[in-house]
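Student: Handing you this structure, nothing more for now.
The values are calculated or read from the model by the stated rules, or taken from the named source; none is laboratory data. Model, not experiment: these values are computed from the prediction. Note: ideal-geometry Cβ built from the backbone for every residue, glycine included; neighbour counts use all protein chains shown. Heavy atoms of the whole protein, side chains included, go into the accessibility calculation; ligands, DNA and RNA do not. Shrake-Rupley method; radii C 1.70, N 1.55, O 1.52, S 1.80 Å.
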Amino acid sequence: MLTIGGHTFNSRLFLGTGKFSSSAVMKEAIEASGTEMVTVALRRVDLENPEDDIMSALDRDKCVFLPNTSGARNAEEAIRLAHLARAASGSSWLKLEVTPDPRTLLPDPVETLKATEELVRAGFIVLPYMNADPILALRLQDAGAAAVMPLGSPIGTNQGILTAFQIEIIIDQARVPVVVDAGIGAPSHAALAMEMGADAVLVNTAISVAGDPVAMARAFAQAVEAGRTAFVAGMGSRSKQAQASSPLTGTLTTDLGFLA
Amino acid sequence: MTVNRLRFFFSNNHCIMQIHLNGSPKTITNSMTVAMLLQELGVPSTSVVVELNKTIIQPDSYATTSLQDNDQMELIRFVGGG
């Protein structure tokens, strides 16, 4: 069982709620995924649609609500958004995102660490989105992050786990849960992260923009489950040389002597 | 006399003034509270966070917080995001 911030999760698939075609599809996909943690963003109210409210489509009894600080370009902006998120959600869960460059949306490590330190002091349960940097993961963990969220590849790219080598080190070293976030574009990517020993994955775009988001949510749930089961079962080690699967001893007849 | 004060004028016995709402100018009457503005905008007060001059206003203060000329007000809510 996965525990983050004192909360226990049965599902190791976390879902982003962006880019769904409708609230109804989002709701159904959340249910099909079995997720118990969904992320949301904060934006200015669209005064043309004053009643448009995502909260009405989400069941907070079933899911932990994880507001993000997307749009923040530095620690100061992220901290301001964090306090707004806490006021809006009534809870201290926070996915910390500090992305100064809109082209890459890569996280700023210095500002992320600075904001993590301050938000932990202010009582937030901080899950920082970070580049797959093992040293930074340790620094964030020491600063009090409840989990670390290294990226597989940049947000929304569907490129999969391009940072496998670093993520393996992060998983090996971490004392807090490791949630692989961003870039997971296919169930196989999610399964790979879980086989590597990640504690959970966060998926958004790959599900929300799929031809059938509800079916895709189900596919991701199965992949995460399969990957986790494989990790727990213990994966065989890799070798550069062939290792026969069938016994090389015990021939049946002399005619089959070449089998010896 | 400041420029802001010069922008005051009377209409229907109410002073009219301007605030900045979500980055855009918005004209309101000077007796207006946060609660009254939310009602006028048709925004359910339970679904938003109000930030006034970078300070978060608690919902139980909406009815007693009067808006002042040149206030910077942000109305924020959750949307879909990853």
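Student: From the cross-link list A:19/A:114; A:27/A:95; A:62/B:54; A:95/B:54; A:19/A:62, which pairs have alpha carbons spaced over 28 Å apart? Numbers along the way, then the final one.
Tutor: Working: A:19/A:114 30 Å; A:27/A:95 21 Å; A:62/B:54 33 Å; A:95/B:54 21 Å; A:19/A:62 21 Å.
Where the Cα-Cα span goes over 28 Å, the pairs concerned are A:19/A:114; A:62/B:54.
Student: Still on this structure: Sort A:195, B:40, A:76 by heavy-atom solvent-accessible area, probe 1.4 angstrom, most to least.
Tutor: Reading off the accessible areas and sorting them downward yields A:76, B:40, A:195.
Student: Out of the total accessible area of the range A:2-259 (probe 1.4 Å, heavy atoms of protein only), what percent is carbon and sulfur?
Tutor: 50
Student: Ok, one more. Just the number, please: carbon plus sulfur as a percent of the accessible area of the range B:26-79, 1.4 Å probe, no ligands or DNA/RNA counted.
Tutor: 49
Student: Can you grab the distance from the C-alpha centre of the range A:23-76 to the C-alpha centre of the range A:151-173, Å, no decimals?
Tutor: The two parts, judged by their Cα centres, are 24 Å apart.
Student: Still on this structure, I have one more. How many square angstrom of accessible surface are buried between A and B, both sides summed, with a 1.4 Å probe and rounding to 100?
Tutor: Rounded to the nearest hundred, the buried surface is 2300 Å².
Student: Taking the Cα centre of chain A as origin, work out the dipole magnitude from +1 charges on Lys and Arg Cβ and -1 charges on Asp and Glu Cβ, in debye rounded to 20.
Tutor: The calculated dipole for chain A is roughly 340 debye.
Student: Roughly how crowded by other chains is peptide B:39-49, in terms of the mean Cβ count from those chains within 10 Å of each of its Cβ atoms?
Tutor: 4
Student: Take every residue in peptide B:27-34, count the Cβ atoms of other chains within 10 Å of its Cβ, and give the average of those counts.
Tutor: 0
Student: Using only alpha carbon positions, build the gyration tensor of the range A:38-165, then give the equivalent ellipsoid semi-axes as the square roots of 5 times its eigenvalues, largest first, whole angstrom.
Tutor: 24, 17, 15
Student: Let me ask something else about it. Where Lys and Arg each count +1 and Asp and Glu each count -1, what net charge lies around residue B:58 among other residues with Cβ under 14 Å from its Cβ?
Tutor: With Lys, Arg at +1 and Asp, Glu at -1, the neighbours total -1.
Student: First check a/c for the range A:167-246, with a ≥ b ≥ c the square roots of the eigenvalues of its C-alpha gyration tensor; if it is under 1.5, answer rounded, and if not, answer prolate when a/b is larger than b/c or oblate otherwise.
Tutor: oblate
Student: Name the aspartates and glutamates eligible as straight-distance cross-link partners of residue B:26: C-alpha to C-alpha under 16 Å, and not fewer than 8 places from it in the same chain.
Tutor: Within reach: A:46, A:48, B:40, B:51, B:69, B:71, B:74.
Student: At a temperature of 20 °C and a viscosity of 1.002 mPa s, determine how fast chain A diffuses translationally according to Stokes-Einstein, using the Kirkwood radius over alpha-carbon pairs as Rh; express D in µm²/s, rounded to the nearest whole number.
Tutor: This corresponds to a translational diffusion coefficient of 110 µm²/s.
Student: Of the beta bridges DSSP finds with both residues in the protein assembly as shown, what % are antiparallel, to the nearest 5?
Tutor: Here the share of antiparallel DSSP bridges comes out near 50 percent.
Student: Moving to a separate point now. Positive end of the charge dipole of the range A:78-142 (Lys, Arg +1 and Asp, Glu -1 on Cβ, about the Cα centre): tell me which of A:141, A:102, A:89 has its Cα farthest that way.
Tutor: A:89
Student: Then there's this: With a 1.4 Å probe and all protein chains kept in place, how much accessible area does residue A:52 have, in Å² rounded to the nearest 10?
Tutor: 100
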